[in-house]
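Accompanying notes for the structure given below.
The values are calculated or read from the model by the stated rules, or taken from the named source; none is laboratory data. Being a predicted model, the structure only gives us computed values, none of them experimental. Reconstructed Cβ throughout: ideal geometry from the backbone, glycine too, with neighbour counts over all protein chains shown. Areas reflect the complete protein model, heavy atoms only, side chains present, ligands, DNA and RNA absent. Shrake-Rupley method; radii C 1.70, N 1.55, O 1.52, S 1.80 Å.
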Amino acid sequence: MINSGEKIELRQLADKLEETNDLSDSEFASVLLCDDPEFDEYLSGKARNVREKYYGKDVYLRGLIEFTNYCRNNCYYCGIRKSNKNIERYRLSEEEILSCCRRGYELGFRTFVLQGGEDPYYTDAVMVQLIREIKKRHPDCAVTLSIGEREKESYRKLFEAGADRYLLRHETADAKHYEMLHPETMSYKNRIQCLEDLKEIGYQVGCGMMVGSPGQDTMNLVKDLRFLQKIRPEMVGIGPFIPHHDTIFAGCRAGSAELTTRLLSVIRLMLPDVLLPATTALGSVDAFGREKGILAGANVVMPNLSPREVRKKYLLYDNKICIGDDAAACIGCMSARVSKTGYQLIVSRGDHVRFKRTE
Ligand code: SAM
Ligand code: FES
């Protein structure tokens, strides 16, 4: 329990964060550690005001197409890691991906997010052809890639083929913590280099971290906030860590919805015009997680456009939601959820304000 003096001090920190977009490390830590629903309401009210200043009541839609669950990597936390022999692998053909886009377009999606494991089958040539074809068929849509670490030249080719955005979570901004979550074959340095390359090439870039990942403490999260300030991404994707039964972190606790939504508000106040999704993982730890995320300052949702048959095979963590519904059901459900918060889903590419163009 915190006393009334502490409550006033914490509110002053929220005011300061809103005014200056910054706090000291220890002040950030106090805000993140304050588990008080009244304070959360105060903080999220400020975050909503700021998001409305930039984006009004609009919530942007992204159609997520999980096109392969093959992965050459072995992130210790991830259900589709290479060493997990208990899952059935799949990859979608170009025609199947294009058919997801066509269905998505009819349903009002104007951004397609192609996400997958790091699957060597999707060479630059295969991706270039796919991206060109999507842009040819849907010139008014944005293409976002989320396919992990590649060479700078590869990122450049995909950008030149028409990809607009790239999501690559940094996962943690602490190199030691990164080592705890990944095998030696992966490096923090390379992850960050990839993000810098993507920015330099001209992508709208998204980074982010899991909340409550094994070994993470409050100061790790403060480091993540500092990292976001430095890299100034157009998007920040955060969601709670959720254990997967076939990983070494199977017995670990999931990150909390409360800390995730508090972080969403902090990030909104720190980077006022950033694009901030209320993620599926947040909806998976709390039945109303995505609504809570929107009310904490998030302005993007990413319903699943993957074919129903493959959804159960793209399980990064246990108890993932939306694996039984088809795209139309997902969008209907999402639209109802968003409306209940007082915000509205809109048909738009939903670019970051710095990249806005006439639609
Ligand atoms: N391979 C690409 C990459 O690494 O960026 C994209 C796919 S990867 C599976 C997408 C994201 O899922 C990761 O960046 C990670 O943050 C998240 N993720 C993986 N396992 C998770 C888990 N157990 N709980 C929550 N999020 C998880
Ligand atoms: Fe595939 Fe981490 S397990 S990128």
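Only one entry of 135, 157 meets the criterion of being without any contact (Cβ under 8 Å) to a residue 60 or more places away in the chain and either within 16 Å of ligand 2 (Cβ to nearest atom) or closer than 22 Å to residue 207 by Cα (or both), and that entry is 157.
The residue pairs whose first member lies in region 248-277 and is free of Cβ contacts under 8 Å to residues at least 40 places away in the same chain, whose second member is surrounded by 19 or more Cβ atoms within 10 Å (Cβ to Cβ) and among the aromatic types (Phe, Trp, Tyr), and whose beta carbons are closer than 9 Å, counting only pairs six or more residues apart or on different chains, are 252/77; 252/241. The helices (runs of 4 or more DSSP H) found wholly in region 266-335 and carrying at least 1 residues that are farther than 29 Å from residue 47 by Cα occupy 308-311. Taken together, 216, 204 contain a single residue that is within 14 Å of ligand 1 (Cβ to nearest atom) and buried (at least 17 other Cβ atoms within 10 Å of the Cβ), which is 216. When residue 86 is tested against the conditions (1) open to solvent by 30 Å² or more (accessible area, probe 1.4 Å); (2) closer than 30 Å to residue 32 by Cα; (3) polar (S, T, N, Q), the lone failure is (2).
The rows are residues; the columns are (1) within 30 Å of residue 184 (Cβ to Cβ); (2) hydrophobic (A, V, I, L, M, F, W, C); (3) within 11 Å of ligand 1 (Cβ to nearest atom); (4) in a loop (DSSP other than H, G, I, E, B).
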position	(1), (2), (3), (4)
44	no, no, no, no
50	no, yes, no, no
54	no, no, no, no
72	yes, no, yes, yes
75	yes, yes, yes, yes
78	yes, yes, yes, yes
81	yes, no, yes, yes
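Considering region 301-315 alone, what residues qualify as being surrounded by 22 or more Cβ atoms within 10 Å (Cβ to Cβ) and of a type outside the set (Ser, Thr, Tyr)?
Listed by number, the residues that qualify are 301, 302, 303, 304, 305.
Among the residues of region 138-154, which ones are charged (D, E, K, R) and either touching a residue at least 60 places away in the same chain (Cβ under 8 Å) or within 14 Å of ligand 1 (Cβ to nearest atom) (or both)? Matches in region 138-154: 140, 149, 150. Note on region 228-265: residues that are over 14 Å from the mean Cα position of the chain (by Cα), more than 16 Å from ligand 2 (Cβ to nearest atom) and either at pLDDT below 95 or part of a loop (DSSP other than H, G, I, E, B) (or both) total 7. Hey, does region 101-113 have a residue that's assigned to a helix (DSSP H, G or I) and either basic (Lys, Arg) or within 12 Å of ligand 2 (Cβ to nearest atom) (or both)? Checked against the condition, which is being assigned to a helix (DSSP H, G or I) and either basic (Lys, Arg) or within 12 Å of ligand 2 (Cβ to nearest atom) (or both), region 101-113 yields at least one hit.
Looking only at region 206-227, count how many residues are more than 16 Å from ligand 2 (Cβ to nearest atom) and in contact with a strand residue (DSSP E or B) (Cβ under 6 Å, 6 or more places away or on another chain).
3
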